[in-house]
Amino acid sequence: MKQHFQNLVDEEEANIDMTPMLDVVFIMLIFFIVTASFVKEAGIDVNRPDAATAVKKDRASILVAISDKGEVWINKRKVDVRAVQANIERLYAENPQGTVVIQADKKATTEVLIKVMDSARAAGIEDVSIAAQEP
């Protein structure tokens, strides 16, 4: 009887408490979610022009696409040219260290491109780039 009771006590002491490990995992998950910067996709694919001096931009967080028909897309939504500044200001407020990259189609007019660039600069962003692809 005493031996049987001793075996039951040993089995109870052999269990591992997983609670502290789960707490650490959840704290790490929250940390990575808070510190991650998310890229806002433009919403359409454009045929970018070739540029021999194209340089990869690592911290592009706000993408603005201009289609061949002059349509402006931000965050997978079609946006009127007059509302570009307000949309960029909102996205910049969410991620103040972000930059703007304009993805203009080869056939997009320069007029729309300049309006979008002016809107981005008027929103307070100095680092505005135009996307190109290496030949």
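The values are calculated or read from the model by the stated rules, or taken from the named source; none is laboratory data. Since the model is a prediction, treat every value here as computed from it, not as a measurement. Surface areas here come from the heavy atoms of the whole protein model, side chains and all, with no ligands, DNA or RNA. Shrake-Rupley method; radii C 1.70, N 1.55, O 1.52, S 1.80 Å.
Only protein heavy atoms count here; under a 1.4 Å probe, residue 129 has an accessible surface of about 30 Å². With the whole protein complex present, residue 110 retains an accessible surface near 100 Å², based on a 1.4 Å probe.
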